[in-house]
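Peer 1: Next up is a structure, given as structure tokens.
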Amino acid sequence: MFTLLLIEDDTSLFNEIRDRLTQWSYEVHGVKDFSLVMEEFAAVQPDLVIIDIQLPKFDGFHWCRMIRSHSNVPILFLSSRDHPMDMVMSMQLGADDFIQKPFHFDVLVAKVQATLRRVYNYNAEVVNLKTWCGAKVDYERNTVDNDEGEIELTKNEMFILKLLIEHKNRIVTRDELINKLWDDKRFISDNTLTVNVNRLRKRLDEIGLGQNILTKVGQGYMAVEGDLS
């Protein structure tokens, strides 16, 4: 059974989401004191976190930053706001997906299932270590290290990198990536993929590898070997 932490201050919506997810055998915990979210997170040790953006005390972006400073647990954002920057900000902070309110509960369940399946199943299907561009890529630890240092990626970032490395020196189309990452492209926006790839490239820049992830305009992305400087 997977354990979920639902950070939502609307009691009616919280109860409805909890009841729906409980029907799928998820154990759902909430937060009573919204100044003690990290304490609740530490106590629950969830497999996935669902956060509303508009919360008392501090907003969801604040708590996403705090959680990301301690854990790579998958995070889904909920928001009743329709500003595009909310989605961009959530992805840049390391969220795995963004759900616009009002939403159909079947979509929420599908996103939760797809995220858990992607995060907790794929490591068992691959060799844990890979060498790419002279760097050691550790799929299990979600790290990439070379002579310039070591970076830790989110689950989404590592999954994208893994797919690109597996098909290195050839273009992986946007549709391929979306279908692999989210199982069904109806549940993910094209912009979300762009944000995730840009975030991955920025992290790889820290150890001199960002230039090895190429954008092929109108087609997709490609991981290449070698020094391109």
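The values are calculated or read from the model by the stated rules, or taken from the named source; none is laboratory data. In this text, all values refer to a predicted model and were calculated from it rather than measured experimentally. Heads up, the Cβs are rebuilt from the backbone with ideal geometry, glycines too, and the neighbour counts pull from every protein chain shown. For the accessible areas, the whole protein counts, side chains as well, though only heavy atoms, and no ligand, DNA or RNA atoms are used. Shrake-Rupley method; radii C 1.70, N 1.55, O 1.52, S 1.80 Å.
Peer 1: Over all Cα pairs of the stretch 3-123, how is the pair count split among 5 Å bins, expressed in % and running from 0 up to the last occupied bin?
Peer 2: Final binned percentages: 2, 11, 24, 27, 23, 11, 2, 0.
Peer 1: Quantify, in whole percent, the carbon and sulfur part of the accessible surface of the chain (1.4 Å probe; protein heavy atoms only).
Peer 2: 49
Peer 1: Show that you can apply the helix-only estimate: for the chain, add -39,500 (n - 2.57) for every DSSP H stretch of four or more residues, divide by all residues, and state [θ] at 222 nm to the nearest 500.
Peer 2: Calculated from helices alone, the mean residue ellipticity at 222 nm is -12500 deg cm²/dmol.
Peer 1: Figure the gain on full extension for Lys168 and Ser25 (residue separation times 0.36 nm, minus the Cα-Cα span) and round it to one decimal in nm.
Peer 2: Here the answer is 47.6 nm.
Peer 1: Moving to a separate point now. Which value results for Rg/Rh of the chain when Rg is the Cα radius of gyration and Rh the Kirkwood radius based on the inverse mean 1/r?
Peer 2: Computed over Cα atoms, the ratio is 0.97.
Peer 1: In the chain, what percentage of the DSSP-assigned beta bridges are antiparallel, given to the nearest 5? Let's see the in-between values first.
Peer 2: Values: 17 of 32 bridges.
Approximately 55 percent, going by the DSSP bridge assignments.
Peer 1: Cα-Cα over 27 Å: which of Lys168/Lys202; Lys32/Lys101; Lys101/Lys162; Lys101/Lys216; Lys32/Lys162; Lys136/Lys180?
Peer 2: Lys101/Lys162; Lys101/Lys216; Lys32/Lys162
Peer 1: Next question, about the same structure. Below 8 Å between Cα atoms, with a sequence gap of 6+, how large is the relative contact order for the stretch 1-85 in percent?
Peer 2: Rounded, it is 32 percent for the stretch 1-85.
Peer 1: So what is the accessible area of the chain per residue, in Å², with the probe set to 1.4 Å? Mind dumping the intermediate values first?
Peer 2: Numbers: 10840 Å² over 229 residues.
Here the per-residue accessible area is 47 Å².
Peer 1: If you take the Cα Rg of the stretch 129-223 and divide it by 2.2 N^0.38 Å, with N the number of residues, what do you get?
Peer 2: 1.02
Peer 1: Each label point is 7 Å from the Cα along the Cα-to-Cβ direction; what then is the distance between the points at Leu13 and Met38, in nm?
Peer 2: 2.5
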